[in-house]
Every structure is written in structure tokens, then in C-alpha cells.
């Protein structure tokens with residue numbers, strides 16, 4: 001029997017890449033777990049302000065030496 005299931009992934013707000021691309025597992029059954037895996041396993045960052053939540057893949061991040069953290073790369 002084949003059934004339909006809703007699965008979740010995280011999409012980069014910088015380039016559109018999805019977490020887990022080219023990996024064995026690319027989506028998860030729980031929304032919170034997809035976000036956790038993107039951050040913990042794939043090195044993504046989450047930026048939250050009062051209005052929205054954004055996610056960035058490692059290719060769209062850079063290290064901020066002044067604040068000792070990763071941040072989204074400046075867009076050109």
C-alpha cells in the first residue's frame with residue numbers, strides 16, 4: 001500500500017537550497033525536527049526577528065569575528 005505523508009524540510013532564504021540536498025534523508029515528519037537537523041547536522045543558521053524566521057545554509061553564511069558568530073553574507 002502506498003500512502004501520502006506530509007514531510008518537512010528547510011529552504012535557505014539566501015539561495016533557495018534545501019537542507020539535506022544530496023543526502024540520504026532530505027525531509028522529516030516533524031517541522032521542528034527538520035529545523036533542528038538543518039542547524040545541528042548541516043550547519044545552517046536561524047535568524048529570528050519580531051516578524052519572521054529565516055534560515056541560511058553554510059554557503060550563504062560567514063563568520064562575524066566582532067560578534068563571534070555566523071551571520072548571513074551581505075547581499076551584493
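Descriptive notes on the structure:
Residue-wise test of (1) touching a strand residue (DSSP E or B) at 6+ places or on another chain (Cβ under 8 Å); (2) within 21 Å of residue 74 (Cα to Cα); (3) surrounded by 13 or more Cβ atoms within 10 Å (Cβ to Cβ); (4) free of Cβ contacts under 8 Å to residues at least 60 places away in the same chain.
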position	(1), (2), (3), (4)
6	no, no, no, yes
10	yes, yes, yes, yes
28	yes, no, yes, yes
34	yes, no, yes, yes
45	yes, yes, yes, yes
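- The residues on offer are 51, 73, and the sole one that is at pLDDT below 90, in contact with a helix residue (DSSP H, G or I) (Cβ under 8 Å, 6 or more places away or on another chain) and on the phi < 0 side of the Ramachandran plot is 73.
- Filter pass, residue 40 being free of Cβ contacts under 8 Å to residues at least 60 places away in the same chain, closer than 19 Å to residue 8 by Cα and surrounded by fewer than 12 Cβ atoms within 10 Å (Cβ to Cβ): yes
- Residue in region 48-56 that is surrounded by 10 or more Cβ atoms within 10 Å (Cβ to Cβ), in a strand (DSSP E or B) and over 10 Å from the mean Cα position of the chain (by Cα) present: yes
- Filter result for residue 38 (touching a helix residue (DSSP H, G or I) at 6+ places or on another chain (Cβ under 6 Å) and closer than 21 Å to residue 71 by Cα): no
The values are calculated or read from the model by the stated rules, or taken from the named source; none is laboratory data. Predicted model, so just to flag it, every value in this text is computed and none were measured. Don't worry about glycine lacking a Cβ; one is built from the backbone with ideal geometry, like all the others, and counts go over all protein chains shown.
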